[in-house]
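Quick note: the coordinates plus some simple rules give every number you see, no bench work behind them. Every value quoted in this text rests on a predicted model; they were computed, and no experiment measured them. So basically every Cβ, Gly included, is an ideal-geometry build from the backbone, and we count neighbours across all protein chains shown.
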Amino acid sequence: MFIVIKTDEEKRQGLPVVMPVFDRNTCSIPKSQISFIDYFITDMFDAWDAFAHLPNLIQHLTENYKYWKSLDELKCKSLRYPSDCNK
């Protein structure tokens, strides 16, 4: 939440927005979650699974990823699925 407030303050002061992904007017939570999973979580979970064989962990990650992808494909920007999309 702090980052969103910082972005609001940058806009209020007429400064360039340093992190546009945190602009409350354009932020897409599903896209943010997909990116986080792609860039950080997948490799970490794969390493854990290789070390400790955690198929349930990988299955939950896969289901979570599919959930966020479905929201993104519906053009949702919030956590609500699917009736409140684009609000």
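A few notes on this one:
- For the chain, the mean projected area of the C-alpha convex hull, equal to one quarter of the hull surface, is 6.9 nm².
- Rounded to the nearest 20, the Cβ-based charge dipole of the range 24-87 about its Cα centre (Lys and Arg +1, Asp and Glu -1) stands at 520 debye.
- For the pair the range 2-26 / the range 32-60, the C-alpha centres are spaced 30 Å from each other.
- By the helix-only formula, in which each DSSP H run with n ≥ 4 contributes -39500 (n - 2.57) and the sum is divided by residues, the chain has a 222 nm mean residue ellipticity of -17500 deg cm²/dmol.
- Taking Cα atoms only, the orientation of helix 42-52 departs from the longest principal axis of the chain by about 30 degrees.
- Projecting the Cα atoms of T42, L71, N25 onto the charge dipole of the range 24-87 (Cβ charges, centred on the Cα centre) puts N25 farthest toward the positive pole.
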